[in-house]
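Following: one structure in structure tokens, then a few remarks.
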Amino acid sequence: TERQQSQYELNTFTTWLLKEEQKGTVDGELAIVLSSIALACKQIASLVTRAGISNLTGLGGLSNSSGEDQKKLDIVSNEVFCNALRNSGKTGVIASEEEDLPVAVEETYSGNYVVVFDPLDGSSNIDAGISTGSIFGIYAPSDECSIDDMDDPEKMMQNCILNVCQPGSSLLAAGYCLYSSSTVFVITVGDGVYGFTYDSIVGEFILSHPDMKVPDKGKIYSFNEGNYGSWAPHLQDYINSLKDASKWDGKPYSSRYIGSLVGDFHRTLLYGGIYGYPGDSKNPTGKLRLLYECAPMSLIVEQAGGLGSTGEGRVLDVCPEKVHQRVPLFIGSKGEVEYLESFYKKA
Ligand code: AHG
Ligand code: MN
Ligand code: MN
Ligand code: MN
């Protein structure tokens, strides 16, 4: 018989993980990796909140593989994630937006998981104190290219890259942490999507969004329309159709754009609608990176009943050739993404 929940019983991320372990959806070693990621997010949440009074705003002076000037907090958040994953003892390879190449982790005792992450997403918003986030995905190590032959560095690097370049459909877990008016940790281990709100007094993520489902439709679109002029005509037609009140009983769509994928995605997941970062004449594959932005978010949205598309097909079906490969991303309510895809089909 179900024991009556005591009023002093906290549903924390740790207790949720334990229940998933009992259900067999995660094994003990993956649970430890996920706990280490939750710790990294708590640490980044505190760094982000105090950036302006701890000399952590502004540029770090270097640029990353995507050609972006790294903010100080891009570099610090990356270090926080790498430390937490190394200290888990269960991580074999890490790939980060802020690391040119994947890194093999010496401190691995078992588990050997492959973890990909964007340690600070929307970092252009940091100096203005606007929402940012962290995004992560976890793969099983690929058995055909072990990273154990440490003696040949060239071969090991190749194997690290092969371990990391797996399609999103192979992800074991994916999630993000939103650093905003509320710090919310959202995760899927292939068994639905769960959201946990950070209680800084207790220092724990508390279950606040059990079994999240994205509404099938939503009248919010989230695109950087500053790029409208360089979009393909069929995409311009799509955006114009959303603004045409006569098509929508006199009520056109609303536009909301934060400039942080995590913030824009989280609102889309909860309220419905569509987020898009299309390719354009200058950058045909768009701006967002497949491995640690588009694929993890697409697993989450599909687990919540939505869709993650490149415009031509499912993001989760795309196998990365390069660690920092970009793809166009259209993600959110199934009905809304399918409506967008209908314009691509007519193109
Ligand atoms: P990151 O800060 O990790 O480099 O990601 C920024 C991404 C994404 O978070 C956001 O949706 C998008 O860049 C905003 O791009 P624009 O400023 O070009 O709209
Ligand atoms: Mn960046
Ligand atoms: Mn990002
Ligand atoms: Mn980033």
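Values in this text are rule-based calculations from the coordinates and carry no lab data. Model, not experiment: these values are computed from the prediction. All Cβ positions, glycine included, derive from the backbone under ideal geometry; neighbour counts span all protein chains shown.
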**Asked** Sequence-distant or interchain residues sharing an amide H contact under 5 Å with Gly306, placed H: which?
**Response** Val214
**Item:** Span from the the stretch 228-287 Cα centroid across to the the stretch 55-99 one, whole angstrom
**Value:** 30 Å
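By per-residue mean of other Cβ atoms within 10 Å, what is the highest-first order of 277-284, 31-38?
On the way: 277-284: 16.4, 31-38: 21.6.
Top of the packing list down: 31-38, 277-284.
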**Request:** At 7 Å along the Cα-to-beta-carbon direction for both Arg314 and Leu59, put a label point, then send me their distance in nm to one decimal.
**Result:** 4.2 nm
**Request:** Taking all pairs of distinct Cα atoms, average 1/r, flip it, and tell me the Kirkwood hydrodynamic radius of the stretch 177-236 in Å to one decimal place.
**Result:** 14.6 Å
**For Thr132, distant residues with modelled amide H under 5 Å away** = Tyr179
**Prompt:** Average projected area of the Cα convex hull of the stretch 85-188, in nm²?
**Reply:** 7.4 nm²
**Message:** Explain nothing, just the number: dipole magnitude of the chain about its Cα centre with +1 on each Lys and Arg Cβ and -1 on each Asp and Glu Cβ, in debye rounded to the nearest 20.
**Reply:** 1420 debye
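Work out the FRET efficiency for Glu9 and Ser254 from their Cβ-Cβ distance, taking R0 = 45 Å, and round it to the nearest 0.05.
On the way: r = 40 Å, r/R0 = 0.88.
The value I calculate is 0.70.
How much of the DSSP bridge set in the stretch 72-231 is antiparallel, in percent, rounded to the nearest 5? Can you show the working numbers first?
Numbers: 31 of 36 bridges.
The answer is about 85 percent antiparallel.
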**Message:** Can you bin every Cα-Cα distance in the stretch 1-155 into 5 Å intervals starting at zero and give me the percent of pairs per bin, rounded to whole numbers?
**Reply:** 2, 8, 16, 17, 16, 14, 11, 8, 4, 2, 1, 0
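Just the number: Rg to Rh for the stretch 218-331, Cα atoms, Kirkwood Rh, two decimals.
Details: Rg = 13.9 Å, Rh = 14.5 Å.
Answer for the stretch 218-331: 0.96.
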**Fill in**
In order over the stretch 292-302: 3J(HN,Hα) from phi, Karplus 6.51/-1.76/1.60, θ = phi - 60°, whole Hz, x for each Gly or Pro, gives 10, 10, 6, 5, x, 5, 6, 5, 4, 5, 5
**Fill in**
In vacuo Debye sum over C-alpha of the chain, base-10 log of normalised intensity I(q)/I(0) at q = 0.07, 0.11, 0.12, 0.14 Å⁻¹, listed in q order, is -0.29, -0.72, -0.85, -1.15
**Item:** Distance in nm between pseudo-label sites at Ser169 and Ile130 (7 Å out along the Cβ direction from Cα)
**Value:** 3.7 nm
**Item:** Kirkwood Rh, Cα atoms: Rg over Rh of the stretch 7-98
**Value:** 1.08
**Item:** Residues of type aspartates and glutamates that Lys219 reaches as a straight line, Cα spacing below 16 Å, ignoring anything fewer than 8 places off in the same chain
**Value:** Asp244, Asp249, Asp264, Glu336, Glu338
**Message:** So, R0 is 30 Å and r is the distance between the beta-carbons of Asp69 and Thr49; what FRET efficiency does that work out to, to 0.05?
**Reply:** 0.85
**Asked** Points 7 angstrom from Cα along the Cβ direction at Gln325 and Asp27: gap in nanometres?
**Response** 2.7 nm
